[in-house]
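Peer 1: There's a structure below that I have some questions on.
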Amino acid sequence: MDSVLMQTVLDKLPVPELEHSLTAFLTPIMQLLPDRRLQRVVPLAVRGILAGETPVVTHMAQSVARTDCDPWPAAKRIYRLLDNPRVPPRLLTKGLYHLARATVAQEQPDYLVVAVDPVNFEKPYTESVAEFRGVPGA
């Protein structure tokens, strides 16, 4: 019964328009990915972040699972993207950089303020973790 009620609500949403907006927004990132399967995972992950309001993969997968598939396959797809050797974190950062540049170019502001959140740069435990793992020079 619950899924029938949810489906009637979902049927009223402008899903094609939302999908188009999301795909257009993510195009700079998806163009950098080496294969189409990976390009399909990025919108899945972003929808999960938006719906679950968290970047925790299991929560992301649970929120998209209501519409696409079960949580485990969705989580597995996202984990595979994040652990793919052909998709290093630098590639995703580069995609976000292109996305930010496109957004700024479209808005054409008079000035731009860039705020870097240094919260995770320096943590008191980073040195002890590096020493524990035996990382030289840490």
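The values are calculated or read from the model by the stated rules, or taken from the named source; none is laboratory data. Fair warning: this is a prediction, and the values are worked out from it, not measured in the lab. A quick note on method: Cβ atoms are made from the backbone with ideal geometry, for glycine too, and the neighbour counts reach across all protein chains shown.
Peer 1: If I ask for residues that are among the polar types (S, T, N, Q) and under 20 Å from the mean Cα position of the chain (by Cα), which ones from segment 86-119 would you list?
Peer 2: Matches in segment 86-119: T93, T103.
Peer 1: Only residues that are within 18 Å of R90 (Cα to Cα) and surrounded by 17 or more Cβ atoms within 10 Å (Cβ to Cβ): list them for segment 34-45, please.
Peer 2: If the condition is that a residue be within 18 Å of R90 (Cα to Cα) and surrounded by 17 or more Cβ atoms within 10 Å (Cβ to Cβ), then L38, Q39, V41, V42, A45 are the ones that fit.
Peer 1: State which residue pairs qualify: first residue free of Cβ contacts under 8 Å to residues at least 40 places away in the same chain and surrounded by 10 or more Cβ atoms within 10 Å (Cβ to Cβ) and inside segment 5-24, second residue assigned to a helix (DSSP H, G or I) and among the hydrophobic types (A, V, I, L, M, F, W, C) in any location, beta carbons under 9 Å apart, and separation of 6 or more residues or different chains.
Peer 2: Partner pairs satisfying both residue conditions: L22/V46; L22/L50; T23/M30.
Peer 1: For segment 56-85, what are the residues that are at pLDDT below 80 and either surrounded by fewer than 16 Cβ atoms within 10 Å (Cβ to Cβ) or outside any helix (DSSP H, G or I) (or both)?
Peer 2: R66, T67, D68, C69, D70
Peer 1: Sticking with this one: Among the numbered criteria (1) touching a residue at least 12 places away in the same chain (Cβ under 8 Å); (2) under 17 Å from Q39 (Cα atoms), which single criterion is violated by D83?
Peer 2: (1)
Peer 1: Another question, then. Go through (1) exposed (fewer than 11 other Cβ atoms within 10 Å of the Cβ); (2) more than 18 Å from L91 (Cβ to Cβ) for Q31 and report which single condition fails.
Peer 2: Condition not satisfied by Q31: (2).
Peer 1: Could you tell me how many of the residues in segment 11-55 are closer than 17 Å to A100 by Cα, touching a His at 6+ places or on another chain (Cβ under 8 Å) and assigned to a helix (DSSP H, G or I)?
Peer 2: 2
Peer 1: Of the conditions (1) more than 14 Å from the chain's Cα centre (by Cα); (2) under 24 Å from P16 (Cα atoms), A45 fails just one. Which one is it?
Peer 2: All conditions are met except number (1).
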